[in-house]
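Structure, as structure tokens:
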Amino acid sequence: MKIPIYQIDAFTVQVFSGNPAAVCPLVEWLPEPTMQGIVAENNLSETAFFVKKGDNYELRWFTPTSEVDLCGHATLASAYLILTKLEPTKSAVRFQTKSGDLTVTREGKLLALDFPTQPASTCQPPFELLSGLGVQPEEVLKAREYLVLLVTEDAVKNLKPDFSELSRLDQASVIITAPGREVDFVSRFFAPGFGIPEDPVTGWAHCTLIPFWSKRLNKTKLVARQVSARGGELFCEDKGERVKIAGKAVLYLEGEITI
């Protein structure tokens, strides 16, 4: 069996930065063990698979260890592939996913994701979180993952977490954030519970970051930067129960899987 595969760097304008995602267009769904095997072989934080259904697409995302119910950068990568290569005359693409219908729309040179918001609430930080980060946060909140506020951008950049300690948390992932010097806010994302020590640029984390910073800065339109080693830039908007997460992408690899 031959399966097309594309590797696309999301939330960037140049290869070797942003967040790489593998994307595999399918004619019909493969058995889950086969898809999980492909993902493990790819050894990227996310691989997306999609199947066309009428005018829309069914979309699923997998980490090297499990299927997830939402992924930003692999959704952006999938939309980039469809809107630039497979159906370049389209202005938008709608995906049917485990998180409901998700739309990606062209906005000039950007592709804008329409995602559900995931606001966080203040919580008591568990010992494993504080021990794993080795810093004293300004504030700790919790949504689907922990959201940890630090004082400065440098504190976020210089953080050296203990991933073995963070992997003991009741949540699989942790967002670290602070005000940015040149952008509204910066972040990093650690997900040892998903087999991903650090994710380079994390769309879904911004479902929580956007409402947090929108309220804190009293503005709805925000520019964000994820300050991982690869780095990436996101153009965000708080729309109440939904958030807009926009960015660019670039094709790195096009090939074929043989199984």
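With respect to the conditions (1) over 16 Å from the mean Cα position of the chain (by Cα); (2) at pLDDT below 95; (3) outside the structural domain of LEU70 (by TED's automatic domain parsing); (4) within 17 Å of VAL243 (Cβ to Cβ), VAL183 lacks only one, and its number is (2).
For beta carbons closer than 9 Å, sequence separation of 6+ or different chains, a first residue in region 22-34 that is within 24 Å of TYR252 (Cα to Cα) and a second that is among the acidic types (Asp, Glu) and part of a loop (DSSP other than H, G, I, E, B), the qualifying pairs are ALA22/GLU46. Those strands (runs of 3 or more DSSP E) of region 110-170 in which at least 1 residues are in contact with a Pro (Cβ under 9 Å, 6 or more places away or on another chain) and more than 30 Å from ALA92 (Cα to Cα), considering only elements entirely within it, cover 139-142, 146-149.
Confirm whether GLU237 is at pLDDT 95 or above, of a type in the set (Asp, Glu) and touching a Ser or Thr at 6+ places or on another chain (Cβ under 8 Å). Spell out how you get there, then give the answer.
Working: at pLDDT 95 or above: yes; of a type in the set (Asp, Glu): yes; touching a Ser or Thr at 6+ places or on another chain (Cβ under 8 Å): yes.
Here the answer is yes, as GLU237 does meet what is asked.
Determine whether LEU253 is surrounded by 24 or more Cβ atoms within 10 Å (Cβ to Cβ) and either outside the structural domain of LEU166 (by TED's automatic domain parsing) or within 23 Å of VAL148 (Cβ to Cβ) (or both). So LEU253 fails the test.
Within region 2-37, work out how many residues are more than 18 Å from THR97 (Cα to Cα) and buried (at least 19 other Cβ atoms within 10 Å of the Cβ). Residues that pass the stated criteria total 10.
Can you report the number of residues in region 203-241 which are in a strand (DSSP E or B) and surrounded by 15 or more Cβ atoms within 10 Å (Cβ to Cβ)?
Residues in region 203-241 being in a strand (DSSP E or B) and surrounded by 15 or more Cβ atoms within 10 Å (Cβ to Cβ): 11 in total.
The values are calculated or read from the model by the stated rules, or taken from the named source; none is laboratory data. Predicted model only: the values in this text are computed from it and were never measured. FYI the Cβ positions are ideal-geometry reconstructions off the backbone, even for glycines, and counts take in every protein chain you see.
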